[in-house]
Amino acid sequence: MNRHLFAAASLPFLILSRVFAQPVETLKSDDQVIVQEKNRVDLVEDANLDEAINRRPDLDYSNVSIDQENTDTKLTTIPSAAVMKAEVLKAATPDLDADTRGGILKVIYKPSYVLEERVLKARLYNRYKWIYNTIGPMGDITYANRIGENGGMRVTAEIHDIDRGSDSMNFDWSEQNATSTSAPFLNRIDLKNSRRFYDTFRLNSSFDYRFSEGNDVYLRVNYDWNRIHAFSSAVQLRFGNEDDFDELSPSEGANSSGQIRRQGSRWDVESDSLSLSLGGQTRFGDIEVEWRIQQNQETETDPIQEDVLYQRDDVAIGYRVADTAFPEVVFPADDGANNYRLVSYDRLFKDEQFDTAIAGIDLKWAGGFLGEGDFFKFGFKTSANDASILRRTDVHSIVPNSEDILLGDFVSGHRRDDFIGRGFTSGVLPDAQATGAALDSRPNRLQRDDLLSALRSEPGSFDVQEDISAAYAMVNWQRGKLRLVGGIRYEDTQLSSNGNEVVVDGDMFEIRQRSGSNSYDQFFPGIHAQYGLSPTMTLFSSFTKTIKRPDFSDTAPFRVVSTDDREIEEGNPDLQPTLFDNFDFALDYKPNDNLLVSAELFYREVSDTIFSDLRTLDSGPFAGFRLEQLRNGDSAEQSGGKLLIQHSLKSLGPAFKPWSWSVVYTYTHSDASYAQRPRENLPIAETPESQLDGVISYETERLFLQLGIDFQSDNLERVSRVGLDKDVYVSNFLWLNFKGEVKLGNRVTAFIDWKNLLKEYEEESHEGIVARPFSYKHDPWAILSGFRFNL
């Protein structure tokens, strides 16, 4: 389709969808957005917002906006009783941040002073983790009530005591084919398992007071605390270059002088975040003023992390069936723990702090010459984001010619006998904590490597600040069957950062300070239209301009060096944001209350795409290291469509009354150019061509059952400088999910939420057009089950 014809035929739009759930009356959508009926979220009476959203696999959003501010507030801490309305917007109106893109879950809180009766609800449930066969208790409680005639409060507290973990497997293929086989071969295979134990406490509260009708104030407090105790084990098989192989074919390799590394890590993390929001609204005649100030503070401290590396050299290792989906690892027959000696011990400390300060005011005028329901709205906002990252790593090697420290004395009690679900064990694994305790009692066995310690500490420590100032104006206008919402937003962004670099000169090095800065500003117009073609058919369209800023910590001048893997990760102070011109068009057809068909078309013009650039350095002190850095690419285009059908079967007769089904299919075509591969058109990274979400539901007064399907096709993850054969793609996946609820009485509901019934890989990727396996992550499923109580 010609993009100019498409742009002329379509104006940008918003979309939201209807749920197959026990409906609870919600207030009518405000008149500041154009919302399709199917994108309004019906709440579940005795549940929280997260449970209502999870019933809707057709909803697609990347941001959560609460009372006009983007937030990381967990939806599990927002009970239905606290929500006036929830909608998913396809495109942002000018009163929302310009980086609010990719779908927005827009939530409006309900003031506590409008409650007609006290609310006291609770959940007690468990999380069953299949990979470790463990059960973790979870629970939450909500209390809300009026205070006098004009006040009210709501408090939700949530606690978790659960564990998480996964297996992962990564394959490092040669960049150039072997001369003897004209095929790639494996340089390295990595096996890794991690297990993390979480203690979590969350608090979400709101205090509301109404001075008079239309004049009120609120104070909201969100607090999130986590303590994590974790350990991981990794096994790495290193085969070397082509000349190091004794036997090599396109499908197999064997090396009698290979190397096996066994690494163990343990660490503790404590993090907390606190968000305070003070705001309200006041009316002055025809003018309504909304204001808010917000302060967010987040800290994360790793007081201790220990890494130990045991190594075995000149060992016979290999692999088989490398030309299939899953190569087999060949360990040596005599792979005992005492064959491995300790070669390094690292102790790490990390402290991260993030602060955000926000102030905003919005004025709405609905008087004067404007028609009924029309209004002008304009506002101002400032936000300041600060990040401070401190890393300290002490790298130690074992004193030469001293007695070897063997793995046999420090074997972990944790084994993975069904590693990654393939029925094989990764062998003996080291206990980092036990090794560290033994070394503390024998400090003369260690020698600190000052250069490596500096490389892993100083370049990874930095400060960065991002300041954004914004202003907007918009209008809502409606005449007859036509309604328009349009306006423009202006945002100015200022970035500054400070970091360090380690300059190596032979055996000497010095630490130098680095600084970076960047700034950009942009206007973001937007117009949304709705037109009633007939009582059963409605047309929606929109044009918006949006932005995707890089994570501001990625713009700091940091450099994290991994000398073991010969890899470097580096920040980019010159990184520019990605800009989008979005054209959307939708047609809804609803002949009756039982059927809804919605068809959408969309087109995006994208500039300054951001991609991960991976290249091998050919000079300097890190020659031969692989450097990964985010960079800007050229322009790109994206187009496609979406078809959604929602159908209740109750019109077919009493036996079909409880049944309904929903399916949504999205097709996306994209073309982008990348600096690594000039004159080639490739897809936009992380953009699958096909996505399908569907559910079939059965619901009566006391029973709810839902089976869902989630499919996503291959999509590009990383572009290689070498060519198509080395590009990395995330493989397609197909998940089945199940939800069930049974009302055991007027006050108790039993529920279960079971995702990924087929135990498919959570993440799977491959290299190139011949689909060589690149990585797997196995975390097959966890089941949530328990009870909700209305007390």
Name the residues in the stretch 648-700 that are of a type in the set (S, T, N, Q) and assigned to a strand (DSSP E or B), would you?
S648, S660, S662, T666, T668, S670, S673, N681, S690, Q691, S697
Just to check your reading of the model, which residue among S412, S426, S441, S383 is closer than 30 Å to V235 by Cα, open to solvent by less than 40 Å² (accessible area, probe 1.4 Å) and out of contact with any Lys or Arg (no Cβ under 8 Å at 6 or more places or on another chain)?
S412
Looking at I141, is it part of a strand (DSSP E or B), among the aliphatic types (A, V, I, L, M) and closer than 30 Å to R788 by Cβ?
yes
Just wondering, is there one or more residues in the stretch 281-288 that are more than 30 Å from R772 (Cα to Cα), open to solvent by 40 Å² or more (accessible area, probe 1.4 Å) and not in a strand (DSSP E or B)?
yes
Here are the criteria: (1) open to solvent by 30 Å² or more (accessible area, probe 1.4 Å); (2) within 25 Å of the chain's Cα centre (by Cα); (3) within 30 Å of V485 (Cβ to Cβ). Tell me which single one F580 does not satisfy.
(1)
Just the residues that are part of a strand (DSSP E or B), surrounded by fewer than 24 Cβ atoms within 10 Å (Cβ to Cβ) and of a type outside the set (V, I, T), please, taken from the stretch 83-104.
M84, K85
For the stretch 369-383, state whether one or more residues are modelled with pLDDT under 95 and under 30 Å from G253 (Cβ atoms).
no
Scan the stretch 359-380 and tell me whether some residue there is open to solvent by 30 Å² or more (accessible area, probe 1.4 Å) and within 14 Å of E466 (Cβ to Cβ).
no
Between residues in the stretch 229-252 that are more than 28 Å from S412 (Cα to Cα) and residues that are part of a strand (DSSP E or B) and open to solvent by 40 Å² or more (accessible area, probe 1.4 Å), which pairs lie under 6 Å by C-beta distance while being six or more apart or on different chains?
D246/S256; E252/R320
Residues that are open to solvent by less than 30 Å² (accessible area, probe 1.4 Å) and not in a strand (DSSP E or B), drawn from the stretch 184-223
P184, F185, G214
Within the stretch 725-736, can one find any residue that is open to solvent by 30 Å² or more (accessible area, probe 1.4 Å), over 16 Å from Q691 (Cα atoms) and either β-branched (V, I, T) or free of Cβ contacts under 8 Å to residues at least 60 places away in the same chain (or both)?
no
Qualifying residues in the stretch 532-545 (those that are open to solvent by 10 Å² or more (accessible area, probe 1.4 Å) and hydroxyl-bearing (S, T, Y)) - the one nearest to A92 (Cα to Cα):
S541
Which one is farthest from the chain's Cα centre (by Cα), of the residues in the stretch 672-691 that are open to solvent by 50 Å² or more (accessible area, probe 1.4 Å) and at pLDDT 90 or above?
E689
Within the stretch 372-386, which residues are of a type outside the set (G, A, S) and assigned to a strand (DSSP E or B)?
F375, F376, K377, F378, F380, K381, T382, N385, D386
Find the residue count for the stretch 646-694, including only residues that are over 18 Å from S720 (Cα atoms) and free of Cβ contacts under 8 Å to residues at least 12 places away in the same chain.
6
Filter result for D272 (within 30 Å of I398 (Cβ to Cβ) and either of a type in the set (D, E) or in contact with a His (Cβ under 7 Å, 6 or more places away or on another chain) (or both))
no
So is E466 farther than 26 Å from D302 by Cβ, under 27 Å from the mean Cα position of the chain (by Cα), open to solvent by less than 20 Å² (accessible area, probe 1.4 Å) and not aromatic (F, W, Y) or not?
no
Could you please find all residues in the stretch 395-406 being surrounded by fewer than 18 Cβ atoms within 10 Å (Cβ to Cβ) and in contact with a Leu (Cβ under 8 Å, 6 or more places away or on another chain)?
S397, V399, D404, L406
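The values are calculated or read from the model by the stated rules, or taken from the named source; none is laboratory data. No experiment lies behind these values; they were computed from the predicted model shown. For neighbour counting, all protein chains shown are included, and Cβ atoms are generated from backbone atoms with ideal geometry for every residue, glycine included. Protein only, heavy atoms only, side chains kept; ligands, DNA and RNA dropped before computing areas. Shrake-Rupley method; radii C 1.70, N 1.55, O 1.52, S 1.80 Å.
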